[in-house]
Every structure is written in C-alpha cells, then in structure tokens.
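The values are calculated or read from the model by the stated rules, or taken from the named source; none is laboratory data. Since we're looking at a predicted model, the values are computed, not measured. Please note: Cβ atoms are built from the backbone with ideal geometry, for glycine as well, and neighbour counts cover all protein chains shown.
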Amino acid sequence: MSKSALFKALILSPIFLVGLMLPPIYNAKANFIPPYDHAPKIFITENGQIYPPSTLIERVENTYIFTGKIKGGISIEKNNIRINGAGNYLEGDDTGTGIYLKNVTDIVVENIKIQNFGYGIYITQSQKIEIKKNTLNNCIIRMSQSSECKISENKINNGQIYVQVSNKNFIYNNKANKITVIGSSKIEITNNQIIKPIKQDQELNINTGLQDEAGGLSFVRSEDIFVSENMIENQITGISIIQCKNLTLNNNKIRENQFFGIRFRGSDLEYCIHNIDTSNTIDEKPIYFLVNTHDFTVPQDAGWIAAINCSNIKVEYWVSPPNFEGILFVNTINSRITYSNFTKCHDAIRFDNVTNCVITKNYLADNAYAAFYFENTIDCLVKENEVKNNCCFFNIWHDSTNNIFYHNIFIGNWSGSGGDRWSENYFDNGSEGNYWIDYIGSDINGDGIGDTPHIIDENNQDNYPLIAPIAIEKPQGQLYPTSTPSFDLTQFRFSYSIRIIIGSVITLVILGILVYFKRRRT
C-alpha cells in the first residue's frame, strides 16, 4: 500500500470510529428563514370593499358575514370591523394564511371554521384584535408585534397559539395542542386546555425536550406573564420556562405527559425569581418552587422541587416524578438531599452557583443525561449514592471546584466530565474513592482498593478506586428498586466491541477502495 493511501486511511479511521461511538445528535437547522408568503386571495380593503366582489361574504354596516364556504385566505385591511363566519368554512391548500391582519386595529374575528393553511390566523403589528369562538384544523394562530389583543374560546385541532414579541395580551378558554410565548411581556394565559390527543412515539434520550419550545406551555425570554387554571396533558414536557423574568403560575394542572412535567432554564438569578406556588401540580403532586426560603424540609409528596436563593433546605425520602431536572438548586447553600430516588429525568440533580451542600444515599438511574450536573458549584459532598444507567454520571463545569465524590457506585454510565483543568474536584477522600464498574486495575494486596488510579478524563482521576461496591444504607419502601437494574456489563462491553468491529470493517473497506483507485491510476 502506498504511503498516501495509508495516510488517508489513518486520517479517516478515527473519524468513523468516533462517529460510531458518539450518541445520536439531531441535524442542525439553518437560522435563515425566508419571508413567509401569506398569499391572500380575498381582500377586505381599507375603504371596506370586498375583493373579488363575488366572494361569499355579506356586509352589514361594519360586520362582514360569511354566506357559504370560502376557499383561499383573506387579508383584512380595514379597521373597526367584525368578521363573522356564521359557522362556515374557510379552507386552504396547506399553504398561506387563512385570516391575515397587519397594521389594523379594533377587529373581531369569530365563528369561522378555518382549516388547511400554514397559519390559520396571523396577527402582526396590530392592536385590539379579538379572535374568538373559531375552530382551526391543521393550522395555528400566530401573533407578532401586537398588543391589547384577546384570543378566547377557540378550538385548535393539531395546532397551537404562538405569541412573539407582543405585550398586554390575553389568552383564555381555548383548546389547543400548545401555547408558546417568546420575547413578550404582560401576557395573561388562563383556563386553557392544552392537550395533545395522542402521545408521540418517542423514547427518552439525550435530546428529549431540549428545544426551547418543547413544552405544552412554553415561555422563552419573556417577562411579567400570568398563568392560571390551565390543564396541560400528553406533552413531551408540560411547562417549559427558558430565561424568563417574573412569571406567576397558580392552579395549573400538569398531568400524564410523556416525559417531563416541567423544564426550567435560567442560570442567572434574575431569570429564576418567579411566583410559582404549590397550587400548581404535576400528576396531582404540588410543585415546590422555593424562593428566599430558609430552614425548610420539603414534603415527600412534591411533584417538583426547585430552591432559589435558599439555605438549609432538606430533601429526604422523596421519589422524583420525571422532570427535566429532577431537582434544581440555584444560589443555594448548606442544604441536603438524602434517601431519594431520581429516575427518567433529563438531569437528576442540577446545581447552579451552589455551595456547601450534601448529596448522599440517593438512587439516580436511567436519566437521559447527567446524574449530577454542577455549574459554578463549590464545596459540595457527594457520597454513598447509586448512580446507574445514565448517559453520564456527572457533568461538572464553569468554575465548579472543591467538590468531593467518594463511596459512590457508578455502573453503566456512558461518560462523565469531572471539570476542566482549572477546576479542582476530588474523587476520593484521601484513602478511599468510588466503585467504577469499568475499572480494570488490580488489587494485589487484597485491601479492596485498586493499585492504580481510575482515569475519569484527562484532568481527573480517582486515586483509590474501590474493587467492590460498598453497602449503602437504604430506607424501607419503594424509594429504591428491589431488583437489580437491567444494566449488564457484558452487554455494555459486547456493544462497545461490536462498534469497534464495525468501525474496523469500514476502515478495511476504505483501505481497499483507496488501493483499488491507486492501482487504476498507475
């Protein structure tokens, strides 16, 4: 084989091997979105005329009434009018917009059956628009750069209400698959049924729920939002809150969702101060969103727990329902999480700017990403936890330092990051470390401690890995599974070996192709 062919093979082989070993990642989408073509075929002009005149719409002063089924979208350009569909259909061809309102004010749109458009109703740069008692099939209501509008008593089948860069609007008594609010303020969302008729056929993985708009109710970079008396069912995530300020949630019922009850993101404290009380529930269990709370033991019936700017919070004997974060601590100190169970979350325990907390005697298994996710977390003790079958056992980053892990059991986790080279975290107590199922060192003197360190990553190692897992005290009841978890080290090694074999076969094929074409050229 020529040196050139060998060089190419050596370059390509690691790429294929890495591709085989990495978990699946969704394809990225381009950020550029071309202008949407609303493509109206019918116009109610600024002077009140209907074009074309043959359209099945009758004008009675400032009210425009449908007299039959209409095909094609309508652009409304006149202010201070009422559009009444009288129960008739407005039908599209899966493109364009059904009712298009731009730069208008004081419009009522009611009693229309709208179906098969890209957008059923599109409101932009408008004020005092009322959308009520309409039925939409296979299309959505979208509002942009508009204010003082009301969307009420609509039934939206296979569609959602989407509000962007708008303020002082009201959304109430609707039935829809989703409601999404982005970059908006002073929105009231009350008494809506947000239900998908059928759960999507998906499996929990590292990408589940990562999209900002994954919730049945999604709030992204918005503020001063009031959310009350809504029912959210059959969603990927019930409620998703991403970098918002001053949200008020009460009496919302999150139930029977496919993966997560709630997702919350807002690493800076200003994005974490909200009024979310225990009248909000996940599968009939109250949400405990604690702000500036001190010396408090969270009741065992909690549906979700978040502690923001708190101290001396105790979580014990608790089974976490599936949430994006099983438990979330932000700007919290001197707290404990013990004897609790975290399964089927995205991240089991997430700490952000947390100091001097203890995590011990917990069971963390089958979570989509990290068992322990630490950001800017200092002086925490993690010991005597069972950590099994998560994508990674821990992700420690962003100036997290002086955290100590020992006497934990790590089985079947895909990977882990113990912090970068500027962080100093410890994976033993100076004499004993953790049990790692993939540790392959020896114990010649039989003291139960490995003779060589266990390498975690390029910056971290356990200097005293345990040869066998320690016995961890477990509470009675259903906090811990009674049977051994399904993870099988033999299967893990077999799966890994299969990937290596496949990678090697592909490499040999590439080598053969390179040699073949090289010989043809010569």
>> Can you find a residue that is more than 21 Å from T180 (Cβ to Cβ) and in a loop (DSSP other than H, G, I, E, B) anywhere in segment 252-271?
In response: yes
> Among (1) modelled with pLDDT under 60; (2) outside any loop (DSSP other than H, G, I, E, B), where does Q478 come up short?
Replying inline: (2)
> Residue check, E458 against (1) more than 36 Å from the chain's Cα centre (by Cα); (2) loosely packed, with under 12 Cβ neighbours inside 10 Å; (3) not polar (S, T, N, Q), all met but one. Which one?
Replying inline: (1)
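On the given criteria, is Y373 buried (at least 18 other Cβ atoms within 10 Å of the Cβ), within 22 Å of I467 (Cα to Cα) and in contact (Cβ under 8 Å) with a residue 24 or more places away in the chain? Break it down stepwise before answering.
Numbers: buried (at least 18 other Cβ atoms within 10 Å of the Cβ): yes; within 22 Å of I467 (Cα to Cα): no; in contact (Cβ under 8 Å) with a residue 24 or more places away in the chain: yes.
No: the conditions fail for Y373.
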> Hey, does segment 308-317 have a residue that's closer than 16 Å to I239 by Cα, assigned by TED's automatic domain parsing to the domain that holds N425 and of a type in the set (D, E, K, R)?
Replying inline: no
> Pick from segment 318-337 the residues that are among the hydrophobic types (A, V, I, L, M, F, W, C) and under 22 Å from Y271 (Cα atoms): which of them is surrounded by the fewest Cβ atoms within 10 Å (Cβ to Cβ)?
Replying inline: I333
> Within segment 344-355, can one find any residue that is farther than 18 Å from I409 by Cα, of a type outside the set (A, V, I, L, M), at pLDDT 95 or above and touching a helix residue (DSSP H, G or I) at 6+ places or on another chain (Cβ under 9 Å)?
Replying inline: yes
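Could you please find all residues in segment 50-98 being among the polar types (S, T, N, Q) and part of a loop (DSSP other than H, G, I, E, B)?
Listed by number, the residues that qualify are S54, T55, N62, T67, N79, N80, N88, T95.
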